[in-house]
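Inspection log for the structure reproduced underneath, given as structure tokens.
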Amino acid sequence: KLKTGHLLGNRFHITVTDSPLEPTQMLANAQAIVQRLRADGAPNFFGVQRFGDRGHNIERGYALLTGQQRIKDRWLRRFLVSSYQSYLCNCYLARRLEMVGFAHLLLGDV
């Protein structure tokens, strides 16, 4: 059974089809993108699957944290709080990107 912390990361392949560019130009563009990602990194947003069907986990997590809802199931409580924390993290990251971009360090960055 997978538990929190078991996964170290994701590996994936990207396939580009129907590009108007020549293969050599596509390769050059891809290599430039990889170099930039290695140098600057990329923002790490949480995926929508974490927020449940139509985002209800966000609402339920907020209701739980503000005392509007009580849940006995300890696992579900932790799950909903985690979902709301992830939502807040995404909001912060989106705002940060709007204000200063991603390449600048801010106080508290690790």
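Every number here is computed from the coordinates shown, using simple stated rules; none is lab data. Since this is a predicted model, take the numbers as computed values, not measurements. Quick reminder, even Gly has a Cβ in these numbers, built from the backbone with ideal geometry, and neighbours come from all protein chains shown.
Within the chain, which complete DSSP H helices have Cα atoms spanning at least 30 Å along the helix axis and a mean Kyte-Doolittle hydropathy of -1.0 or higher?
Details: long enough: 74-100 (38 Å, -0.05).
Answer set is 74-100.
Please state the relative contact order of the chain as a whole percent: Cα pairs under 8 Å, 6+ residues apart?
With pairs under 8 Å counted, the relative contact order is 24 percent.
Stretched out fully, how many nm does the piece from Leu21 to Leu65 gain, at 0.36 nm a residue minus the Cα gap? All intermediate terms of the calculation are to be shown ahead of the outcome.
Numbers: separation 44, 0.36 × 44 = 15.84 nm, distance 5.11 nm.
Length gained between Leu21 and Leu65: 10.7 nm.
Extending each Cα 7 Å along its Cβ direction at Leu88 and Asn44, get the distance between those two points in nm, one decimal.
For Leu88 paired with Asn44, the spin-label model returns 1.9 nm.
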